[in-house]
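Structure record follows, encoded as structure tokens.
The values are calculated or read from the model by the stated rules, or taken from the named source; none is laboratory data. Fair warning: this is a prediction, and the values are worked out from it, not measured in the lab. Counting neighbours? That spans all protein chains shown, and the Cβs are built from the backbone with ideal geometry, glycine included.
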Amino acid sequence: MTPLGSCKRKRAIAAIYFFPTFTVIRPRTKSPAHTLLPKGILAKLPTLGATSENPDPVVQVKWFTPDANWTWWVIEYDPESRIAYGFVRGIEDEFGTFTFDEVEQLRGSLGLPVERDLHFDPQPVSKVMNRA
């Protein structure tokens, strides 16, 4: 009998790669956060230009992309043209108008839609800018 250390062993390397196939299943139910402008908030939003004389208008709703770094704080909205005015934080921080339809169709890097912050309370834009 030979000691184990003196045995010549042949090493066999077996490379087995297993790449499972999978399907991403997205839920068909719609979260309340995906309703960007519910009727209650829509009724509170002033029309475009209504707060132009106010130095510190109130932000009524906050939208954000959960998988990207974009946030919209809506101050005014015109339901006919579906154009909103507010403060946007993305590549730059700026005030401006944006179309509701474009925001609703946006998807981040993971394909997630824009959501409404369900825990956001209306507040002056100065507070939003200081926190953001």
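Restricting the search to the range 72-86, which residues are within 18 Å of L118 (Cα to Cα) and either surrounded by fewer than 19 Cβ atoms within 10 Å (Cβ to Cβ) or among the aromatic types (F, W, Y) (or both)?
Correct list: W72, W73.
Being exposed (fewer than 13 other Cβ atoms within 10 Å of the Cβ) and part of a loop (DSSP other than H, G, I, E, B) is the filter; apply it to the range 42-66 and report the residue that is farthest from the chain's Cα centre (by Cα).
E53
Give me the residue from the range 87-108 that is surrounded by fewer than 14 Cβ atoms within 10 Å (Cβ to Cβ) and among the hydrophobic types (A, V, I, L, M, F, W, C) and, out of that set, modelled with the highest pLDDT.
Within the range 87-108, the match that is modelled with the highest pLDDT is F95.
Could you tell me whether L36 is surrounded by fewer than 17 Cβ atoms within 10 Å (Cβ to Cβ) and touching a residue at least 12 places away in the same chain (Cβ under 8 Å)?
no
Matching residues to (1) within 21 Å of S31 (Cβ to Cβ); (2) touching a Lys or Arg at 6+ places or on another chain (Cβ under 9 Å); (3) outside any helix (DSSP H, G or I); (4) not small (G, A, S):
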site: W72; (1), (2), (3), (4): yes, yes, yes, yes
site: Y85; (1), (2), (3), (4): no, no, yes, yes
site: I91; (1), (2), (3), (4): no, no, yes, yes
site: E94; (1), (2), (3), (4): no, no, yes, yes
site: S109; (1), (2), (3), (4): yes, no, yes, no
site: K127; (1), (2), (3), (4): no, no, no, yes
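Identify all residues within the range 111-125 that are in contact with a helix residue (DSSP H, G or I) (Cβ under 7 Å, 6 or more places away or on another chain) and either assigned to a strand (DSSP E or B) or farther than 18 Å from A68 by Cβ (or both); write none if there are none.
P113, E115, R116, L118
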